[in-house]
Each structure stands twice: as C-alpha cells, then as structure tokens.
Amino acid sequence: MPEPILEIRDLTVEFGTEDGVVHAVEGVSYDLHPGEVLGIVGESGSGKSVSMLSVLGLIPMPPGRITAGEASYKGQDLLKMPAKQLRELRGGEMAMIFQDPMTSLNPVFTIGDQISEALTTHNSGMKDDAARARTIELLESVGVPFAERRVDQYPHEFSGGMRQRAMIAMAIANDPSVLIADEPTTALDVTIQAQIVEVLKLAQEQTHAAIVLITHDLGLIAELADRVVVMYAGRVVELGDVFTIFNSPQHPYTIGLMNSLARVDIDQERLEPIPGQPPSLVNLPPGCAFHPRCTHSQGRAICRTDIPDLREPVAGSEHRSRCHFAEELVGLGSPVSAAVEDER
Amino acid sequence: MSETQPVAADLVSATSSNGNDLLRVENLVKHFPIKAGVFKHTVGQVRAVDGVSLSIRNGETLGVVGESGCGKTTLGRTIMKLLEPTAGKIVFDGQDITSFKRREMRPVRRDIQIVFQDPYASLNPRMTVREIVAEPLRIHGLYRGGEGQRRVEELLRTVGLSPEHANRFPHEFSGGQRQRIGVARALALNPRMMVLDEPVSALDVSIQAQVVNLLEQLQREFGLTYLFIAHDLSVVRHVSDRVAVMYLGKVIELGTREQIYGAPMHPYTQALLSAVPIESPTQRGKRARIVLEGDVPSPANPPSGCRFRTRCWKAQEICAQEEPALIPRAGGDHPVACHFAEVLSPFNLAEQARVRQAAYEAKRAAETAAGANSLGNRSS
C-alpha cells in the first residue's frame with residue numbers, strides 16, 4: 001500500500017458548553033491513501049465530521065479544542081501549521097464540498113466570481129480572463145448547461161442540484177489531492193443525488209484526488225467508498241474495506257445499523273432497530289459506549305467497565321473492530337445483506 | 001378466462017373503488033396564489049396539487065412518494081382540510097366533507113390525525129409532555145380529572161415511553177422519543193386514520209426503524225388507516241400496501257407495493273427507483289442507473305401535456321399535446337399516466353435500462369443543441 005497522504009492519530013476534540021464538556025472525538029486514528037475514497041459513516045453526534053474538520057481548522061475554537069493527537073498531510077503537521085499556511089492548503093490542495101451549497105456559497109457574488117476567486121487566490125499569476133475561461137470550463141465539466149451564460153448568475157438563480165455542481169467545480173478548480181465531501185447529497189432529492197454521485201465520480205477521474213466521504217447514508221458508502229470508518233459516540237468502532245464492512249461486519253453497532261435499514265430492493269418482514277437512544281456526549285456510559293444498546297454484550301461486566309481497544313487486524317487485512325467479543329461475531333455477518341445476496 | 005381473473009382483481013385492488021374505502025378524493029386541486037406588486041394582485045398560481053384522485057381503504061397504508069415540490073405534503077394537508085381545497089371532492093367515511101365548516105369538521109378531526117416530520121418544531125417547548133398529549137383531549141372536552149391523567153399515562157406507555165416522562169419538557173428528549181410523543185398526541189382521540197407526513201425523515205437510521213415498527217404495531221393494534229407521505233422510497237416500500245407516485249402535483253402511477261416496486265411502468269417511477277443507492281457494495285456496477293437530467297420544472301408554470309416530458313427520454317410530440325390519463329395501459333395491471341408506459345424492473349433488467357439510458361442521452365444531446373440556439377435568440 002502506498003504512503004498515506006493524510007494521517008490522523010489519536011485525535012481528541014472537545015467542546016466546552018454550558019452543560020459540560022462534550023467529548024465529540026475521542027482518540028480517533030485513520031489514514032487516507034492517495035486516490036482512494038474513504039467513507040466515514042456514523043449517525044448524528046458520532047464525530048464523523050468533527051474528526052475531519054477540526055484538523056483543517058474549520059471548527060470554531062473556542063468552544064472547540066483539540067486536546068490530543070496528531071494530524072499530518074504529506075508529512076506536514078496540520079495542527080502546528082500557521083493559520084495562513086493552512087488557509088493556502090484549504091481550497092487548494094485540500095478542497096471541500098459541504099452539504100448545503102446555499103449556505104456555503106456567497107449570495108452577493110456571482111457563481112463565476114466565486115470560482116474565479118478560488119482560482120486567482122491560489123494562482124497569483126492568473127489573469128482575470130484566463131480565470132473566467134477556466135471557470136466556464138469547470139462548470140461545463142460538472143454538467144452545468146449553458147455555462148457561458150450561467151457563470152454570471154447568482155447562487156439563488158441556481159437550483160439545489162446546480163448549486164452543488166458549482167460547489168464541486170469550485171472544489172476541483174485547483175486540482176486538489178484531497179477532496180473532503182461532507183454529506184454532499186443529503187439535502188438533495190434522489191434523482192438529483194444520482195446526478196451528483198455521477199459528477200463526483202467524474203471529478204475523481206479528472207483530478208485523481210483522494211476523497212473523504214463523510215455521510216450517514218450507507219447506500220452512498222456502498223456505492224462509492226473503497227475503505228470505511230464506522231464511528232459511534234466519538235470513537236472509531238470498526239474499520240476495513242467496504243466489502244468486509246458490509247458483508248462481514250464484526251462490531252454489534254455496524255451489524256445493528258445494517259439490520260435497521262429499510263431496503264428499496266427487497267421486501268423485509270420486519271426491521272430490526274437498535275434499541276435505546278444514542279448516548280449523551282457530555283456523559284458517556286462507562287466502558288464501551290455502545291454497551292447500553294448492545295444486544296451482544298448480554299450483560300457481561302467487561303463491556304460496562306473497560307473501554308475496548310481496536311482489535312489487531314488478522315494478517316493480510318486491515319479489518320479492525322472495537323468490541324471485546326469481536327471474534328464471536330465472525331460469520332454472523334449481516335443477515336439482511338446475506339439474504340439479498342442469496343436471492344440473486 | 002381463468003387467466004384474466006387475477007388481473008381484474010389486481011386492478012380493483014389498485015384503483016380501489018369498492019365500498020371499503022375510508023377516504024376518497026376526486027380531482028382534488030389546491031392552488032396557491034402568487035401575489036405581487038403594491039396592491040398584491042394575483043399574478044399566477046402555484047399548482048401544488050392539480051387533480052388528484054385516489055382512495056384509501058380501511059386499515060391499509062397508502063404510501064405517497066415524490067420529490068420536493070411534488071405536492072405530497074399539500075395533498076395530506078388538503079385531505080385533512082388543514083388547507084381549503086381549491087376544487088374537487090373529499091369523501092371521508094361516506095360523508096362529503098369538502099365544504100364542511102369549522103364546526104362540522106370537529107367530529108371528523110377526531111377521526112383523522114396528523115404526525116409531522118420535525119419533532120423539534122411540532123411540539124410546544126413550553127408545555128410538558130402531559131400537557132401536549134392531553135391537549136387534544138381537552139379541546140374535545142374529553143379530559144376529566146383522574147381519568148384524563150390515566151389516559152395520558154396509558155398513551156405514553158402505548159408509544160413506548162414511561163409515564164414518569166409526563167412532567168418533562170420536549171427538549172429533554174431525543175428525536176426518536178419526541179416523535180413518540182407526537183404519535184401519542186395523535187392517538188389521544190382514538191382516530192381511525194393518521195396522515196403521517198415524513199414521520200421518520202428527521203431521525204437517525206437506527207431510530208427510524210424503532211418508529212416504523214411502532215407505527216406498524218399501532219396499526220395492527222388499533223386497526224388504523226395510514227396515509228404515509230415520504231420521499232424515502234425504501235421506507236415507503238416497507239410500510240405500504242399500495243403506493244401513489246407523485247410528480248408536479250399529479251399522481252403519475254398508482255399500484256400495490258408489488259406493482260410499483262416490482263414492475264413499475266412510468267419512466268419517472270423507474271428513474272426514481274434506479275436512483276436510490278443500494279446498501280450493498282456487491283451490487284456496485286451491476287445495476288444500471290437511469291440518471292435523469294435537468295430539474296423539476298416550476299409548479300407555477302408546469303409543462304403542457306405530460307408534466308414529466310421535459311425530463312423524459314421517451315417524450316414525443318403527443319406528450320406535449322395531450323395529458324396522459326391515469327389508467328391501466330399496455331396490458332399492465334395498474335393505472336399509470338404515460339403514453340408510452342411499459343414494465344421495466346429497476347433491479348433486474350439492467351441491460352434494458354442501459355438501452356434506455358442511451359436513447360435518453362441522445363435525445364437530450366439533440367435538445368441541448370436546440371436549446372442553446374433558442375436561448376441565444378432570446379437574449380440577443
């Protein structure tokens with residue numbers, strides 16, 4: 001495997017709030033390899049966005065603070081980098097696509113001005129008309145029709161899907177090595193989602209960027225990701241390649257998540273929800289944070305007392321689970337997806 | 001003869017015009033005026049619901065799916081007369097309630113209740129859970145002392161909350177628990193029917209399944225009839241007996257769950273189903289996807305004829321001239337509003353879909369070329 005382009009080690013991020021300290025991210029480690037799609041999946045409050053945005057300096061501090069850990073991009077320490085240098089990296093080599101393009105585009109500038117600005121900021125020698133020509137080219141490449149005219153329109157004149165295309169055009173403007181997509185399709189209708197997924201695939205083909213895909217949508221992960229990090233209550237609970245995570249997960253949370261899904265392609269007699277509620281990040285349960293909802297723990301004491309480590313992967317794989325009893329889950333897999341594969 | 005009978009039976013089940021209907025709407029229309037200028041003249045109409053006919057049978061779940069702006073939420077609210085219909089007829093339990101005034105609606109309101117999408121916005125933050133659940137009882141004069149209290153506690157237990165929760169405020173609960181409170185309130189008056197408007201969309205996946213299971217359990221227990229409005233095709237498949245697919249204010253296909261998900265006939269339904277990502281990486285690349293180009297047109301100015309034609313790969317001249325009626329077509333067994341309806345399974349016939357995608361792309365390419373010209377003309 002090639003050298004990782006981005007390495008996050010033992011990252012811990014907290015937020016000081018009126019109710020107490022929110023433990024948003026606790027000892028999270030993962031790598032991003034050049035050209036791959038890394039999916040980070042989890043429900044609201046799992047820390048999936050914070051783990052990524054905090055190392056890019058995109059979390060307001062205070063109330064947020066990084067209390068431990070390291071993050072390096074191509075060997076440079078992101079956490080010790082001066083703000084100016086980090087700013088140059090963002091929007092240049094590391095670009096971002098957010099969930100809601102209406103709030104991430106500036107309403108008082110035209111789409112063209114905003115993309116051109118991204119170009120000229122990171123390429124000081126670029127002339128205005130060259131930037132405009134490149135902007136039109138970019139808009140065309142992400143499928144904005146009549147780009148030559150639409151380049152002079154304002155964000156409110158674009159539909160949701162078109163705005164998201166414009167965001168992607170801006171993100172790939174400077175040929176990034178890393179593209180961070182935070183819930184890129186969540187605000188969109190399903191037929192528009194499908195368009196954006198195609199544009200993302202195309203953008204990756206063009207730029208060969210590594211993509212960090214942060215989402216709660218397991219369908220999107222199944223479709224795009226090469227490797228998957230599953231997060232729960234601020235911790236990585238399982239990681240591995242996408243086929244292993246979906247076909248033979250070894251963490252009760254991952255298995256529970258798969259079984260609670262309604263599927264569009266099969267009839268299901270009954271959904272199997274994960275019981276209980278997500279924990280409060282101010283007051284995490286002792287031991288494994290998932291134990292109060294875990295159907296596999298069966299009241300075993302160690303789940304309540306000891307925080308499990310990420311288990312060492314078996315040789316030849318990188319599949320790791322943060323469960324005391326991961327080996328008991330081997331072969332249990334996910335009954336739902338197993339049934340589907342049988343059907344076909 | 002024996003071969004045609006099941007088809008006929010299916011047809012009845014899909015269009016459902018037998019005597020077992022709890023609710024029936026005929027040509028229901030809801031337009032919203034667009035006002036402009038100092039004197040607020042009406043300059044146009046948003047045709048949110050534009051001639052919808054359907055019926056819901058006692059004890060069934062009718063799913064309504066469609067993308068934003070298709071009119072599904074307006075349909076639900078107009079059916080309950082939370083919005084005054086512009087035209088058409090609403091028949092509930094044999095009574096024409098279309099022109100019922102406030103007072104006449106009161107007993108009907110006890111029978112039809114609604115659960116909203118956002119449990120954060122639909123519960124009054126200053127009221128305790130007890131007050132929230134008791135409110136419908138009080139309004140209808142059914143909350144009496146100890147008995148009322150007991151009823152509230154019973155309702156909370158029914159939806160899986162503990163009676164001790166009664167004195168707390170909504171902010172003390174998670175999203176899933178809040179939605180349970182909304183369901184308890186809707187159940188308070190022993191309704192016969194519930195309009196569920198995106199009841200699980202705001203919830204995390206693991207919690208969605210809890211609420212879906214609760215709704216299914218309540219339906220069995222109390223014989224409830226559901227109008228289940230959602231954009232999530234997976235959840236609708238799981239809960240519905242029959243499904244209506246909406247596009248720009250119209251129902252474009254209506255059938256049983258098996259008909260809609262197993263043998264959809266409208267190009268829009270087919271595209272919609274093929275666009276949903278499937279949670280299995282093994283399926284990656286095996287499924288052909290129909291990627292629709294373009295956006296939904298404005299409901300203030302819908303296209304002539306078939307409203308889907310501007311995004312359809314099959315569209316021909318007739319589609320612009322003649323609006324396709326919602327009737328069984330092409331030997332199919334359920335009503336579909338498309339001149340060129342044909343069965344295409346979105347999950348199996350990958351090759352067929354690929355052929356269609358190619359036809360679609362060719363058509364769009366030709367149109368884009370033509371469109372670029374006309375746009376050039378207009379601005380010069």
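The values are calculated or read from the model by the stated rules, or taken from the named source; none is laboratory data. Quantities reported herein were computed from a predicted structural model and do not represent experimental measurements. Cβ atoms come from the backbone with ideal geometry, glycine included; neighbour counts cover every protein chain shown.
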request  = Please give the helices (runs of 4 or more DSSP H) falling wholly within region A:225-336 in which 2 or more residues are at the interface with chain B (Cβ under 9 Å from one of its Cβ atoms) and hydrophobic (A, V, I, L, M, F, W, C).
outcome  = A:242-247, A:252-260
query = So which of B:204, B:232 ends up being in contact with an Asp or Glu (Cβ under 6 Å, 6 or more places away or on another chain) and within 14 Å of another protein chain (Cβ to nearest Cβ)?
reply = B:204
note = Pairs returned, first residue in region B:43-55 that is surrounded by fewer than 22 Cβ atoms within 10 Å (Cβ to Cβ), second residue that is acidic (Asp, Glu), beta-carbon separation under 8 angstrom, 6 or more apart or interchain, are B:53/B:26; B:55/B:21
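Residue by residue, here is whether (1) within 19 Å of residue A:168 (Cα to Cα); (2) touching a residue at least 12 places away in the same chain (Cβ under 8 Å) holds:
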| site | (1), (2) |
| --- | --- |
| A:9 | no, yes |
| A:33 | no, yes |
| A:54 | no, yes |
| A:85 | no, no |
| A:89 | yes, yes |
| A:92 | yes, yes |
| A:103 | yes, no |
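Identify the residue in region A:132-150 that is under 28 Å from the mean Cα position of the chain (by Cα) and among the charged types (D, E, K, R) and, among all such residues, is surrounded by the fewest Cβ atoms within 10 Å (Cβ to Cβ).
Result: A:137.
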ask   = Hey, any hits in region B:104-127 for a residue that's free of Cβ contacts under 8 Å to residues at least 12 places away in the same chain, assigned to a loop (DSSP other than H, G, I, E, B), more than 16 Å from the chain's Cα centre (by Cα) and within 30 Å of residue B:165 (Cα to Cα)?
value = yes
ask   = Filter region B:258-284 for residues that are facing chain A (nearest Cβ under 9 Å) and farther than 18 Å from residue B:235 by Cα; which is modelled with the highest pLDDT?
value = B:268
query = Which of the following residues is within 14 Å of another protein chain (Cβ to nearest Cβ) and modelled with pLDDT under 90: A:185, A:207?
reply = A:185
task = May I ask you to list the residues in region A:37-86 that are over 28 Å from residue A:277 (Cα atoms) and within 14 Å of chain B (Cβ to nearest Cβ)?
result = A:37
task = Kindly indicate which of A:313, A:292, A:335 is modelled with pLDDT of 90 or more and not assigned by TED's automatic domain parsing to the domain that holds residue A:27.
result = A:292
ask   = On the given criteria, is residue A:179 in contact (Cβ under 8 Å) with a residue 24 or more places away in the chain, touching a strand residue (DSSP E or B) at 6+ places or on another chain (Cβ under 7 Å) and more than 17 Å from residue A:117 (Cα to Cα)?
value = yes
query = Can you pull out the residues in region B:160-197 that are among the aliphatic types (A, V, I, L, M) and within 14 Å of chain A (Cβ to nearest Cβ)?
reply = B:161, B:181
inquiry  = I'd like the residue in region B:307-329 that is closer than 21 Å to residue B:249 by Cβ and without any contact (Cβ under 8 Å) to a residue 12 or more places away in the chain and, out of all such residues, is surrounded by the fewest Cβ atoms within 10 Å (Cβ to Cβ).
reply    = B:327
remark   = Checked region A:264-280 for anything more than 26 Å from residue A:26 (Cα to Cα) and touching a Gly at 6+ places or on another chain (Cβ under 9 Å); matches are A:264, A:272
request  = Considering only region B:291-310, state which residues are under 22 Å from the mean Cα position of the chain (by Cα), within 22 Å of residue B:344 (Cα to Cα) and more than 8 Å from chain A (Cβ to nearest Cβ).
outcome  = B:306, B:307, B:308, B:309
key: The one condition in (1) surrounded by 14 or more Cβ atoms within 10 Å (Cβ to Cβ); (2) outside any strand (DSSP E or B) that residue A:13 fails to fulfil   = (2)
ask   = In region B:239-283, how many are part of a loop (DSSP other than H, G, I, E, B), of a type in the set (A, V, I, L, M, F, W, C) and within 28 Å of residue B:31 (Cβ to Cβ)?
value = 1
ask   = Tell me, which helices (runs of 4 or more DSSP H) wholly within region B:129-238 include 2 or more residues that are closer than 30 Å to residue B:280 by Cβ?
value = B:175-187, B:205-222
ask   = Yes or no: residue B:244 surrounded by 24 or more Cβ atoms within 10 Å (Cβ to Cβ) and under 14 Å from the mean Cα position of the chain (by Cα)?
value = yes
